[in-house]
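Remarks on the structure that follows.
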Amino acid sequence: MFLKVQLQWNVIIPSESLDAKGLALQKAIVVRLLEDFSTKKATKDHGYFLSVTTLDSIGEGRVRQHTGDVLFPVTFSGLTFKIFRGEILEATVHKILKHGVFLRCGPVENIYLSYQKMTDYRYVPGENPIFMNEKMSKIEKDVAVRLMVIGTKYMEAEREFQAVASLEGDFLGPV
Amino acid sequence: PEFLKAKCLMNCEVALILERKYEQLQQMSDDPVNQVSQVFEKSLQYVQRFSRYKNPDAVRQVREILSRYELAEFELCVLGNLCPETVEEAIAMVPSIKSRGRVHDDEAIEKMLTDLSLIKKFE
């Protein structure tokens, strides 16, 4: 699910840039904010950071004692992406293994759908392995599948989310 | 659950935002591809594939129609993303719309789906 959030971050401007006044300083702050935003990648609470949408306010700068840099509290709105337990969404298959299927959804690279969570479907080995059910519905690479998220995990070090999914429910399966 | 309180956006709304952003970057720089993060790129590809509505007016209408029904942000977006065709499917996608205390009867859900399906036809 895509979320719109309002955040307040501290943006640090090095002392060399501080000769600029007015618009130039504001631009330096915005540029720095966008860089920080891009590098941050994701947090557990908000999910993956996609884009800054509006700059809402820039507070008074505070000088940092030892470096001479100035810290500006900036309030802004941004777009993020996070997946939730219980959510039903559409994802794309990118890997098929005997015991399950890996799917991706936006920036989330690894959603795992175990064979135990799609009991109608059977693994069909071959050069291009697939899962298939009695009604000839196929789960194969690049196919879109509607699934239910049954668990999520945030990995702090990698700044990545992983999830576990299920097809046990009505109206779930290949789209 | 926590997600019921956040402001959510449908895939089609996000597609418009990210495409506009990407265009701005193309105009400002020689090398727009290097300006965007992997997260941005993967998200853009995703919303372009999974948007049921492409036209900005249609996107606005979807939000407008769904907003008439007392839905939480999250519920609204799941419905706008998955476009259920029947009342049964809508309830399967968003079970919370039928939970205790909610005002939605089948007739109201049916009307909502009919209104949504009309938008698609005239895209």
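A:K27 passes all but one of (1) at pLDDT below 90; (2) away from every other protein chain (no Cβ under 14 Å); which number fails?
The single condition A:K27 does not satisfy is (2).
Evaluate the following for A:K117: is it more than 15 Å from the chain's Cα centre (by Cα) and surrounded by fewer than 18 Cβ atoms within 10 Å (Cβ to Cβ)?
no
Could you list all residues from the range A:9-52 that are in contact with a Pro (Cβ under 6 Å, 6 or more places away or on another chain) and within 21 Å of A:K82 (Cβ to Cβ)?
A:Y48
Taking the range B:50-91 as the region of interest, how many residues are closer than 17 Å to B:K7 by Cβ and part of a helix (DSSP H, G or I)?
Within the range B:50-91, residues that are closer than 17 Å to B:K7 by Cβ and part of a helix (DSSP H, G or I) number 16.
Output the qualifying pairs, or none if there are none: Cβ atoms under 6 angstrom, residues six or more apart or on different chains, first residue in the range A:65-84 and within 14 Å of another protein chain (Cβ to nearest Cβ), second residue open to solvent by 10 Å² or more (accessible area, probe 1.4 Å) and in a loop (DSSP other than H, G, I, E, B).
Taking only residues 6 or more apart or on different chains, the pairs are A:T80/A:H46.
Scanning for something modelled with pLDDT of 95 or more, more than 10 Å from every other protein chain (Cβ to nearest Cβ) and assigned to a helix (DSSP H, G or I), does the range B:35-49 turn up at least one residue?
yes
Hey, can you tell me all the residues within the range A:93-113 that are touching a strand residue (DSSP E or B) at 6+ places or on another chain (Cβ under 8 Å), assigned to a strand (DSSP E or B), over 28 Å from A:H46 (Cβ atoms) and open to solvent by 10 Å² or more (accessible area, probe 1.4 Å)?
Listed by number, the list holds a single entry, A:I96.
From the residues in the range A:126-152 that are within 14 Å of chain B (Cβ to nearest Cβ) and not in a strand (DSSP E or B), which one is surrounded by the fewest Cβ atoms within 10 Å (Cβ to Cβ)?
This residue is A:D142.
Does at least one position in the range A:6-24 carry a residue that is among the polar types (S, T, N, Q) and within 11 Å of another protein chain (Cβ to nearest Cβ)?
Yes, the range A:6-24 contains a residue that is among the polar types (S, T, N, Q) and within 11 Å of another protein chain (Cβ to nearest Cβ).
Let's see how each residue does on (1) within 12 Å of the chain's Cα centre (by Cα); (2) more than 8 Å from chain A (Cβ to nearest Cβ); (3) not aliphatic (A, V, I, L, M):
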residue	(1), (2), (3)
B:R63	yes, yes, yes
B:E70	no, yes, yes
B:V78	yes, no, no
B:A92	no, no, no
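Could you tell me whether any residue of the range A:153-166 is under 30 Å from A:S57 (Cα atoms), within 14 Å of another protein chain (Cβ to nearest Cβ) and open to solvent by 70 Å² or more (accessible area, probe 1.4 Å)?
yes
Suppose we filter A:R62, A:R85 for residues that are closer than 30 Å to B:G80 by Cβ and open to solvent by 20 Å² or more (accessible area, probe 1.4 Å); which single one remains?
A:R85
For residues that are open to solvent by 80 Å² or more (accessible area, probe 1.4 Å) and not in a strand (DSSP E or B), tally how many sit in the range A:1-55. If you could, list the steps in order and put the result at the bottom.
Narrowing the range A:1-55 to residues open to solvent by 80 Å² or more (accessible area, probe 1.4 Å): A:4, A:6, A:8, A:10, A:16, A:19, A:21, A:23, A:26-27, A:32, A:34-35, A:39, A:44-45.
Adding the requirement that they be not in a strand (DSSP E or B) leaves A:16, A:19, A:21, A:23, A:26-27, A:32, A:34-35, A:39, A:44-45.
The number of residues fulfilling the criteria is 12.
The values are calculated or read from the model by the stated rules, or taken from the named source; none is laboratory data. Since the model is a prediction, treat every value here as computed from it, not as a measurement. Quick reminder, even Gly has a Cβ in these numbers, built from the backbone with ideal geometry, and neighbours come from all protein chains shown. Accessible surface is based on the protein model in full, side chains and every heavy atom, while ligands, DNA and RNA are left aside. Shrake-Rupley method; radii C 1.70, N 1.55, O 1.52, S 1.80 Å.
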